[in-house]
Every structure is written in structure tokens, then in C-alpha cells.
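Peer 1: Have a look at this one.
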Amino acid sequence: MHDLIVVGARCAGATTALLAARRGHRVLLLDRARFPADTLSTLYIQQPGVARLARWGVLDAVRASGCPPLDHVVYELGDVRVEGCCSGVDGHRAAYAPRREVLDRLLVEAAVAAGAEFRDDCQVTGLVTDGDRVTGVRCAGPGGEVVERAALVVGADGMRSTVARLVGAPKTTEHPALTCAYYAFWHGPTADFEMYEGDTGWISAVPTNDDLVLVAAYAPQRRFDEVKRDALASYRDLVRDNAPALHDRLAGAERVGRLHGTGDQQNYFRLAHGPGWALVGDAGHHKDSLTARGISDAFLQAELLVDALGEAVGDPAAQDAACAEYDRLRQEAMAENYAATLLIAQEEAKPKRRALLTAVGSTPELTTRYFDAVAGILPVRELYTPELLGLMAAAAPAR
């Protein structure tokens, strides 16, 4: 009998297992993939997430993996260029973007070192219930199907979560997909963390392990059918048209591996708790990856859940109340940046964003505050001071 069974051993699930095991809980961590394994991701960890990795004792291993610190950000929208860095969290001003087979492995290793049991190549096929309460899982691995029981089953198994489907977790908030995304890894170009917004899409460059740079191209969702017909040509065209200087740097670079992509950029919140179950990470909340908040948000959700549980695990009433409180705190913590992401991914918001970038680039202090808001250090509402609003009004195009 386990205290927690965590389904999914990526950044949300492995972190939940790590923190719960350090609290003394008996944790079983499962993943259907054979580790180490890659997954679709644009890799970037914002500074609040980096500070959590440091507190958990994992950041040194991320650094030792050869993943470079990203402490200089460039954002270009047409002829407007803003560059700088955020103020940092607990002294950590740099972001990091480790390959997922690196990050997820390090988090799993930390969870196992804390006392969690890990089984990869293990697919959850069903839930065990007692009345309306989830009491365990059925899972199939190399040795056949087994039943494992726990006081709490945590679904950390992504946007198409098996746990969420089996418990019937409804979407409490949902918005249409706004973008499609394609990315590839390149060897040769030098880059900071760079973001470009042009007439037909958004481009980012993210240095990662092995001296590679992930270059991602986003197009409006309405163009997905067109883009996917020849994804590689569309990807190259998006980079050329929206980030021409970066496109020139890629001319002599080598693409490493295949092109990755998706049009399934869902935006939602699911109910994230019920009798004997909870959801963390993309299983319970997903937004467009354009703002690169997924990994940092997964870390925060794992921390919120384990902190809310405290010593309540195994006491059904107290555990249910703790999971409900986690869900409330999660929605409260994610709501503002969810709305901000939806706005950024809308094409019609570009003139306002251009005025914003022009304004924040006018002083180093405003630039830092802007990158604080981008990183999730400063609430977005606190960015818009009377000073900034006045500068934006002056920068806005005349009607």
C-alpha cells in the first residue's frame, strides 16, 4: 500500500514524487515510456522554476549537464528591440533550458534518492475504486498487469491524461487553440534567449545541452492545415520572414534530428481534485506554449499539492479538503498568466504589444520590470503603472 501513486514521471510527476517522498510519504512513480526519453517540449524554465530547482538541490546537476545559463533576453517586434534580464528569484537571474531527457531523468533520480519507487515502461490501464473513491491503479509492464493501491492517485500524465479521462475530470475553463508550433535543434549558431514577432508568426531561439539551439516557429492556428502540408518548408519560411537575422545565422548551421511540431495547443483548466485523486501539470492545466510557462508552472503545482497535503494523506476527509485547497490555490496562481498567454497569442493584439515594447525599452528599470512579468516574478497587473501606460499611449499609432 502506497501513500501516493504518481502517474507520469515528467517534470510535474517526478517533482511531485520527489517532494512527497521527502515528506516521508511512500510514493510509487510510474511512466509508460522507457527512460531516459525525450518528449515534445520547448524546454525553457523561467527563473521561479530555476529557484525551485535550486531549493530542491537539482540545479547543480542541471548545470553540470552542460546546459548553459540564459541571462540575456532579446525580444524583437519589427524594428522595436528590447533586451536585458529579469531581476531574478533568490539570486537566480538566469533561466535554463535543459533537454527533457536530461531534466526528467535528474528529477526522477532525485525522487528515487528521496525514497520513491520508480517504474518506467509501465502503462496505467485502469483505476481501482471503492465506491466513488479512487484507491489505486491497474498498470501493465514487462511482467504483465498488476494492481497497486494508494491513498491518493496523482495524474501527472499530460494534456491527454489517462487519469483525467478515467475519473471524468471536466474542463472548467476552455478557449480555442491560437497557434501551432514547430521546432528543431541546430548546431552551429550562437544565440541568447531570443524572441521575434513578425507579420506571420513568432520565433524563439533557446540554447540547450550539447551546444545546440532549439529554434521554434509559431504560426496562427488558422494556418495549421496549410503549414503541416510541408512542415519543414513552412518552418523555414516562418523563420526567414519573422526573424531574418536568425535565419541568416542558420544558413551555415546543421539541423540535428527531425522537425517536431503540433497544432494541439490546447488552452484549459480541468477540475484537478476528487475523492482519492488529483491532477498536476498539463493533466490539469495547459496553455499555449508561446509563453514558455509549462515547466515552471508544473513545478509550482507539484509544490502546491504536496504542501497542501501535509499530513492529511490517508485521512479521506482531510485529504479531500487538502486537494480541494490545492485546486483553489492552483487556479488562483495560474489565472492571470493564462489570460496573458491568450492575449499574447492573438494576432490582433500586436499593435498594443508594439506600444508596450517601445515603452518598456525606454528605461532599464522598465525593461527589467517587463522581463520580471514575462518570467512570472511580477504580476502582470503590476507592470502597468501610470508611468508605463503614459509611455504606451505616446507610442501607440495615431488613429
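Peer 1: So which residues in segment 118-156 are in a loop (DSSP other than H, G, I, E, B) and over 20 Å from residue 39 (Cα atoms), if there are any at all?
Peer 2: Taking segment 118-156 first, the residues in a loop (DSSP other than H, G, I, E, B) are 120-122, 131-132, 142-143, 156.
Scanning segment 118-156 gives 131, 132, 142, 143.
Peer 1: Do you know which of the residues in segment 46-84 that are part of a loop (DSSP other than H, G, I, E, B) and polar (S, T, N, Q) is surrounded by the most Cβ atoms within 10 Å (Cβ to Cβ)?
Peer 2: If we take residues in segment 46-84 being part of a loop (DSSP other than H, G, I, E, B) and polar (S, T, N, Q), then 46 is surrounded by the most Cβ atoms within 10 Å (Cβ to Cβ).
Peer 1: Please work out if residue 188 is at pLDDT below 95, small (Gly, Ala, Ser) and surrounded by fewer than 19 Cβ atoms within 10 Å (Cβ to Cβ). Let's see the steps before the verdict.
Peer 2: On the way: at pLDDT below 95: yes; small (Gly, Ala, Ser): yes; surrounded by fewer than 19 Cβ atoms within 10 Å (Cβ to Cβ): yes.
Here the answer is yes, as residue 188 does meet what is asked.
Peer 1: Mind listing whichever residues of segment 211-225 are under 22 Å from residue 342 (Cα atoms) and without any contact (Cβ under 8 Å) to a residue 60 or more places away in the chain?
Peer 2: 215, 217, 219, 221, 222, 223, 224, 225
Peer 1: Out of the residues in segment 361-399 that are more than 23 Å from residue 335 (Cβ to Cβ) and in contact (Cβ under 8 Å) with a residue 60 or more places away in the chain, state the one that is surrounded by the most Cβ atoms within 10 Å (Cβ to Cβ). Outline the logic, then answer.
Peer 2: Going residue by residue through segment 361-399, those that are more than 23 Å from residue 335 (Cβ to Cβ) are 361-368, 386-387, 390-399.
Retained after the next criterion (residues that are in contact (Cβ under 8 Å) with a residue 60 or more places away in the chain): 361, 364, 367-368.
Working: 361: 19, 364: 9, 367: 21, 368: 19.
It comes out as 367.
Peer 1: So which residues in segment 61-100 are of a type in the set (Lys, Arg) and over 18 Å from the mean Cα position of the chain (by Cα)?
Peer 2: At the first step, the residues of segment 61-100 found to be of a type in the set (Lys, Arg) are 63, 81, 93, 99-100.
Residues satisfying the conditions are 63, 81, 93.
Peer 1: Also, I was wondering about something else. Of the numbered conditions (1) part of a strand (DSSP E or B); (2) more than 26 Å from residue 269 (Cα to Cα), residue 181 fails exactly one; give the number of that condition.
Peer 2: So residue 181 meets the others, but not (2).
Peer 1: Residues that are closer than 22 Å to residue 95 by Cβ and not hydrophobic (A, V, I, L, M, F, W, C): find the helices (runs of 4 or more DSSP H) completely inside segment 313-399 holding 2 or more of those.
Peer 2: Details: elements: 316-344, 350-360, 364-375, 380-383, 386-395.
Because the criterion is at least 2 residues that are closer than 22 Å to residue 95 by Cβ and not hydrophobic (A, V, I, L, M, F, W, C), the helices (runs of 4 or more DSSP H) in segment 313-399 that meet it are 316-344, 364-375.
Peer 1: Looking at (1) part of a strand (DSSP E or B); (2) touching a Gly at 6+ places or on another chain (Cβ under 8 Å); (3) farther than 30 Å from residue 64 by Cα, which is the only condition residue 217 fails?
Peer 2: (3)
Peer 1: Tally up the residues in segment 29-42 that are crowded, with 24+ Cβ neighbours inside 10 Å and of a type in the set (A, V, I, L, M, F, W, C), please. Working first, answer last.
Peer 2: Restricting attention to segment 29-42, the residues satisfying the condition of being crowded, with 24+ Cβ neighbours inside 10 Å are 29-31.
Remaining after also requiring of a type in the set (A, V, I, L, M, F, W, C): 29-30.
Going through segment 29-42 one residue at a time, the tally reaches 2.
Peer 1: For segment 347-370, check the following and say yes or no: at least one residue is of a type outside the set (Asp, Glu) and under 28 Å from residue 273 (Cα atoms).
Peer 2: If we filter segment 347-370 for residues that are of a type outside the set (Asp, Glu), which is where we start, we get 349-364, 366-370.
Among the residues that remain, those that are also under 28 Å from residue 273 (Cα atoms) are: none.
Looking for residues that are of a type outside the set (Asp, Glu) and under 28 Å from residue 273 (Cα atoms), one finds none in segment 347-370, hence no.
Peer 1: Do you know which of the residues in segment 1-14 that are in contact with a helix residue (DSSP H, G or I) (Cβ under 8 Å, 6 or more places away or on another chain) and within 18 Å of residue 311 (Cα to Cα) is surrounded by the fewest Cβ atoms within 10 Å (Cβ to Cβ)? Break it down stepwise before answering.
Peer 2: Let us first name the residues in segment 1-14 that are in contact with a helix residue (DSSP H, G or I) (Cβ under 8 Å, 6 or more places away or on another chain), namely 3-4, 6-14.
Next, from what is left, pick out any that are within 18 Å of residue 311 (Cα to Cα): 3-4, 6.
Numbers: 3: 19, 4: 25, 6: 34.
By that ranking, first place goes to 3.
Peer 1: For segment 313-360, name all the residues that are free of Cβ contacts under 8 Å to residues at least 24 places away in the same chain and crowded, with 19+ Cβ neighbours inside 10 Å.
Peer 2: Listed by number, the list holds a single entry, 322.
Peer 1: Are any of the residues in segment 253-270 aromatic (Phe, Trp, Tyr) and not in a strand (DSSP E or B)? Give the derivation first.
Peer 2: Going through segment 253-270, the residues aromatic (Phe, Trp, Tyr) turn out to be 268-269.
From the residues that got through so far, the ones that are not in a strand (DSSP E or B) too are none.
No; the residues of segment 253-270 include none that is aromatic (Phe, Trp, Tyr) and not in a strand (DSSP E or B).
Peer 1: Any residue in segment 262-285 that is modelled with pLDDT of 95 or more, within 20 Å of the chain's Cα centre (by Cα) and among the basic types (Lys, Arg)?
Peer 2: Yes, some residue in segment 262-285 is modelled with pLDDT of 95 or more, within 20 Å of the chain's Cα centre (by Cα) and among the basic types (Lys, Arg).
Peer 1: Got a sec? Which of 294, 274 is touching a helix residue (DSSP H, G or I) at 6+ places or on another chain (Cβ under 9 Å), closer than 26 Å to residue 110 by Cα and small (Gly, Ala, Ser)? Spell out the reasoning first.
Peer 2: Numbers: 274 fails: closer than 26 Å to residue 110 by Cα.
Exactly one of 294, 274 is touching a helix residue (DSSP H, G or I) at 6+ places or on another chain (Cβ under 9 Å), closer than 26 Å to residue 110 by Cα and small (Gly, Ala, Ser), namely 294.
Peer 1: Still on this structure, I have one more. Tell me, yes or no, whether segment 85-106 has at least one residue that is modelled with pLDDT under 95, outside any loop (DSSP other than H, G, I, E, B) and either assigned by TED's automatic domain parsing to the domain that holds residue 362 or farther than 22 Å from residue 210 by Cα (or both).
Peer 2: Within segment 85-106, the first condition is being modelled with pLDDT under 95, and the residues that meet it are none.
Scanning segment 85-106 turns up no residue that is modelled with pLDDT under 95, outside any loop (DSSP other than H, G, I, E, B) and either assigned by TED's automatic domain parsing to the domain that holds residue 362 or farther than 22 Å from residue 210 by Cα (or both).
Peer 1: Here is a further query. With the requirement that a residue be assigned to a helix (DSSP H, G or I) and in contact (Cβ under 8 Å) with a residue 60 or more places away in the chain, what does segment 233-252 give you?
Peer 2: Filtering segment 233-252 for residues assigned to a helix (DSSP H, G or I) gives 233-242, 244-250.
The answer is 249, 250.
Peer 1: On to the next question. Out of all the residues in segment 157-171, is one or more part of a strand (DSSP E or B) and in contact with a strand residue (DSSP E or B) (Cβ under 8 Å, 6 or more places away or on another chain)?
Peer 2: If we filter segment 157-171 for residues that are part of a strand (DSSP E or B), which is where we start, we get 171.
Among the residues that remain, those that are also in contact with a strand residue (DSSP E or B) (Cβ under 8 Å, 6 or more places away or on another chain) are: 171.
Yes, because at least one residue in segment 157-171 is part of a strand (DSSP E or B) and in contact with a strand residue (DSSP E or B) (Cβ under 8 Å, 6 or more places away or on another chain).
Peer 1: If you don't mind, there's one more thing I want to ask. Of all residues being in contact with a helix residue (DSSP H, G or I) (Cβ under 6 Å, 6 or more places away or on another chain) and surrounded by fewer than 24 Cβ atoms within 10 Å (Cβ to Cβ) in segment 301-312, which is farthest from residue 376 (Cα to Cα)? Just the residue, please.
Peer 2: Initially, segment 301-312 is screened for residues in contact with a helix residue (DSSP H, G or I) (Cβ under 6 Å, 6 or more places away or on another chain), giving 301-302, 304-306, 308-309, 312.
Add one more test, that the residue is surrounded by fewer than 24 Cβ atoms within 10 Å (Cβ to Cβ), and what stays is 304, 308, 312.
Working: 304: 16, 308: 22, 312: 30 Å.
So the residue we want is 312.
The values are calculated or read from the model by the stated rules, or taken from the named source; none is laboratory data. Please read all numbers here as calculations on a predicted model, not as lab measurements. Note: ideal-geometry Cβ built from the backbone for every residue, glycine included; neighbour counts use all protein chains shown.
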